[in-house]
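The structure appears right after this line, and notes come after that.
The values are calculated or read from the model by the stated rules, or taken from the named source; none is laboratory data. The structure presented is a predicted model; accordingly, all values stated were derived computationally and were not measured. Positions of Cβ are generated from backbone atoms using ideal geometry, with glycine treated the same way; all protein chains shown enter the neighbour counts.
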């Protein structure tokens with residue numbers, strides 16, 4: 001698989017039977033029937049590995065936010081260049097790592113511009129790999145652009161995925177209905193595995209390049 005150098009990927013991980021059993025117990029005890037309450041995470045393994053396991057094995061989606069008190073998500077009009085994302089809907093991700101990014105960026109105080117993606121590429125008949133890109137306005141790094149946030153675990157049943165071509169899938173989903181979370185987890189910047197790989201961009205330059213070449217993502221310097 002030919003991966004552009006600007007895309008990030010998680011290491012291949014094979015969890016032990018004991019680790020998977022711990023993940024399953026945590027899901028059944030803290031997530032599945034939590035009715036929107038906060039889940040406690042006390043496993044030795046990094047939190048992102050548990051979240052990634054949920055993304056790959058459960059019928060759930062994720063929404064990252066700086067707000068910790070959302071009891072129900074209401075459809076809201078979103079502004080997006082793509083028709084799928086330019087609807088009045090609840091948006092969520094099937095990839096927990098991508099959603100965690102939105103939970104830990106310190107918006108709107110410092111992070112005013114985001115450029116990011118999560119591409120789902122098949123690497124075999126039954127394995128799909130997530131590839132990521134993350135960038136924020138460069139002047140935010142002078143301050144504290146990260147913060148603790150909340151990752152909401154949502155039921156997948158009312159959502160539909162964004163259509164994509166076979167070689168470049170997407171992790172974005174939407175629901176036109178109200179959605180109550182199954183559970184929520186506190187996530188810190190340290191829970192985000194690509195914290196040191198987040199790029200910086202000049203917002204005006206990014207906007208200019210995007211207008212000149214809408215399909216030229218991620219509009220990096222040559």
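Points worth noting:
- Output for the range 39-63, where each listed residue is under 18 Å from residue 92 (Cβ atoms), surrounded by 13 or more Cβ atoms within 10 Å (Cβ to Cβ) and touching a strand residue (DSSP E or B) at 6+ places or on another chain (Cβ under 8 Å): 39, 51, 54, 55, 60, 61, 62, 63
- So residue 202, is it surrounded by 14 or more Cβ atoms within 10 Å (Cβ to Cβ) and modelled with pLDDT of 90 or more: yes
- Filtered by the rule that a residue be touching a helix residue (DSSP H, G or I) at 6+ places or on another chain (Cβ under 9 Å) and more than 20 Å from residue 67 (Cα to Cα), the range 144-171 gives a lone residue, 171.
- Taken together, the residues in the range 1-23 that are exposed (fewer than 15 other Cβ atoms within 10 Å of the Cβ) and in a helix (DSSP H, G or I) amount to 4.
- When each of 135, 113 is tested for being crowded, with 18+ Cβ neighbours inside 10 Å, farther than 29 Å from residue 34 by Cβ and over 14 Å from the mean Cα position of the chain (by Cα), the lone residue that passes is 113.
- Residue 45 being touching a helix residue (DSSP H, G or I) at 6+ places or on another chain (Cβ under 9 Å), under 18 Å from residue 132 (Cβ atoms) and modelled with pLDDT of 95 or more: no
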